[in-house]
1. Got at least one residue in region 218-228 being small (Gly, Ala, Ser), in contact with a Leu (Cβ under 7 Å, 6 or more places away or on another chain) and part of a loop (DSSP other than H, G, I, E, B)?
2. Could you check PHE488 against (1) open to solvent by 40 Å² or more (accessible area, probe 1.4 Å); (2) over 18 Å from PRO521 (Cβ atoms) and say which number it fails?
3. Restricting the search to region 344-367, which residues are among the aliphatic types (A, V, I, L, M) and either over 23 Å from the mean Cα position of the chain (by Cα) or open to solvent by less than 30 Å² (accessible area, probe 1.4 Å) (or both)?
4. Cβ-Cβ under 7 Å, sequence separation 6+ or interchain: first residue in region 572-588 and touching a residue at least 24 places away in the same chain (Cβ under 8 Å) and at positive phi, partner of a type in the set (S, T, N, Q) and open to solvent by 20 Å² or more (accessible area, probe 1.4 Å). Which pairs?
5. Residues that are of a type in the set (A, V, I, L, M) and closer than 28 Å to TYR560 by Cα: list the strands (runs of 3 or more DSSP E) wholly contained in region 617-666 that include at least 3 such residues.
6. Tell me which of these ALA322 doesn't satisfy, since it passes every other one: (1) in contact with a strand residue (DSSP E or B) (Cβ under 6 Å, 6 or more places away or on another chain); (2) open to solvent by 30 Å² or more (accessible area, probe 1.4 Å); (3) free of Cβ contacts under 8 Å to residues at least 40 places away in the same chain.
7. For region 368-455, give me every one of the strands (runs of 3 or more DSSP E) that falls completely inside it and has 3 or more residues that are closer than 21 Å to ASP527 by Cα, open to solvent by 60 Å² or more (accessible area, probe 1.4 Å) and touching a strand residue (DSSP E or B) at 6+ places or on another chain (Cβ under 9 Å).
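The values are calculated or read from the model by the stated rules, or taken from the named source; none is laboratory data. The structure presented is a predicted model; accordingly, all values stated were derived computationally and were not measured. Cβ: placed from backbone, ideal geometry, glycine included. Neighbour counts: every protein chain shown. Ligands, DNA and RNA are excluded from the accessible area calculation, which covers all protein heavy atoms including side chains. Shrake-Rupley method; radii C 1.70, N 1.55, O 1.52, S 1.80 Å.
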Amino acid sequence: MKNIISTILTGILLSITLLLNGQEHTDANLFGHVTSKGEHIPFVNIYIEDTKLGTSTDISGHYMLIDVPPGEHILITNAIGYKTHEDTIHFEEGISLEYNIELISDKITLGEVVVTGTKTFKRQTESPVIVNVITSKTLENTQSCSLSEGLKFQPGLRVEVDCQTCNYSQLRMNGLAGAYSQILINGRPIFSPLTGLYGMEQIPANMIDRIEVVRGGGSSLYGSSAVGGTVNIITKIPDRNSFDISMNTASINGGALDNNLSGNINVLSKTRKAGVSVFLAKRNRQAYDHNGDNFSELPELNNNSFGMNLFLKPTANQKIEANFTNLNEYRFGGEMIDGPAYKAQQAEERTHNVLMGGLDYQINFENSSFIAYVAGQQTNRKHYTGIIPDSPSDILSHNDLPPYGDTRNYTLQGGTQYNHKINTFWKGNNVITVGGEYIIDDIFDTIPAYNYVTDQTTKNAAVFAQTDWEFDHRFNILAGARLDQHNFLKKPVVSPRVSLMYRLKQFTQFRLTWGTGFRAPQAFDADMHMAFAGGGISRILLADNLGPEYSNSISASINYDKATEKFIAGFTLEGFYTYLENAFYLQPIGSDAFGDLFEKRNGSGATVQGVSLELRANYNKKAQLEGGITIQESLYDEPVENIEGIDPSRKFLRTPNQYGFLSLDITPSEKYYLSINSVFTGPMEIAHFAGAPEQAEDEIIVSDSFTEISAKIGYRFELERFDTKLEVFGGVKNILNAYQNDFDSGKYRDSNYIYGPAAPRTIYIGVKLMNL
């Protein structure tokens, strides 16, 4: 494996050397920026006609072309949503020119620039893989305090809470559990299995610039375990000098308060060659008890987050980006008492300290670029999970050695990527991408009182390659493969993927994607969660002969968008199919002195299939409607025993066959706005274990469907004297209070018996101060 990586890196360096040696130096350079109505426009295509010279503006709207052949040339500038700009420029050897370009808006834009689908920048409508985008504006309009709240507003995605005591949550994509999805921070897989337990609620919304979502198994370049899909959290970087600070307070069904403070500062140098974006967030939420048993359904939360994202451009063709984040969280759920956790009848207490960050270096040449990167995270966790026993002697033992635990986890990744564009490749162009990366994740978690230890180190070395071939302006083929050598597997695994896109005129794209993947026989997020069930602590063990799980995924879609000067409407219809070979499942294997035991085993297989429909419309950027519905089915090939003594079933637990969302944003002017959104989840099968007074026996129940409706309204005052704006806002989440009303009570409750919206009716008000 080392020889393979060495060969690829040698090839990359050789290619760069050849490019440098073959480039004719004229020192006739062109630089400047591209704007429209005073706003800088990123990712605009700029090229010189009849030459191979071309580039695009960076995130701040600036560009540079070097070593242009002397003489008169036509400079062409185009971007979706703007009229093409052409001008004739005379170049002389040894002279650099500044040329700033003003584009005229043509119509409402059809798509944003995305990177997650192909590992290169492309318009959404030009990407062979469907990439959906959740913008920071969506997070703001839905009053999402964290990542977990914002992910609900995309088709095929569902965020569920899986523990009544600690509120562990997971993201389900296309009918698959959270461990089948890959969550990235700025394109890097440092969201570890441990981070997956609570990390989605720890990531504050004001840290996020946008979230790019790739559903299905077509994203193998980011990790072969991304069978359900990939979520790429892209943090904010500065594009202008700005600031904002926001404060809001919420009342959770009249029973608890949730206070949030957040702020962002963006600073850009005069030359726009350096900038830094800083964020901070503080959240204090009281514990909430819904059924009056003095045991919380929403745990107490105290979050403090801080981070920054900066860039530096040493030269016109080089860029360095660095990001750093520190997340601190205290979480306490269970009996609502004053005092240490071990004195509670039942409780979970967590103290997290998470450090994460990354460093990227990129150098661009005439038709190629080279990227080197490192990223990592470190988590230290102190935790308690326990129930006070009934007998006096057991209580003494409990107090002498309460079940406190200690967790240490780190993730490190390093890699390189080389992109080369061939402008004349059989009637079109081709972007070749090759790279290699290495990632290690180490976790040590122990609870001496339970004789519990998780000591797992996973290492994965990988190389990847892809060709992104666009020809005849109608067809695009994206073909790639990834070779992984995982330390839990005896042999390397090759995961190919192919995507084909056909454009019918300007407004319609047909896509077909096939990809494969695997999951190693290791512990993922759900396996590390201890649940209260059956009067004890349920745990998941890995079978001694547990092998890898393999997947084959295929999806087909049609995407249509029609735009006029003031109106755009469209839809996406997608069908998906995934087959899991040797599918993981949990087998009840009895109990010990501490509670129930489950073993993760390989089954014969499983099939997940369905269809998603997304609708969207925007009128003059003043009213925007988005909605999506997914209808799917998730079945094991052979019935699985979820509860000992109850008939096995082929259905996946906690997996509804229908779910969706709807959102409407109305912005009549820059001063005020109204946002209304809804999330729907259909019925699903859930295991319910006996132990609580309300539950005498173990059973599988079918939950009710539920619809969560929320609304927000805001008004902005311009404080011209201070060059600022003041926004006042308020709203209600879950207006109809569609919240679970059959929670277990008491210390022997089944904490996994939870479904429905994450919180009951919540009323909030707030203010936000920002610069004009």
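1. Yes, the conditions are met somewhere in region 218-228.
2. Every listed condition holds for PHE488 apart from (2).
3. ALA344, ALA347, VAL354, MET356, ILE363
4. From region 572-588, the pairs are ASN582/ASN602.
5. 623-640, 658-666
6. The single condition ALA322 does not satisfy is (2).
7. Strands (runs of 3 or more DSSP E) meeting the threshold: 368-387, 404-422.
So that you can scan it fast, the table gives a plain yes or no per residue for (1) among the charged types (D, E, K, R); (2) closer than 24 Å to GLY117 by Cα; (3) in contact (Cβ under 8 Å) with a residue 60 or more places away in the chain:
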residue	(1), (2), (3)
ARG408	yes, no, no
THR411	no, yes, yes
GLY428	no, yes, no
VAL434	no, yes, yes
ASP441	yes, no, yes
ASP445	yes, no, yes
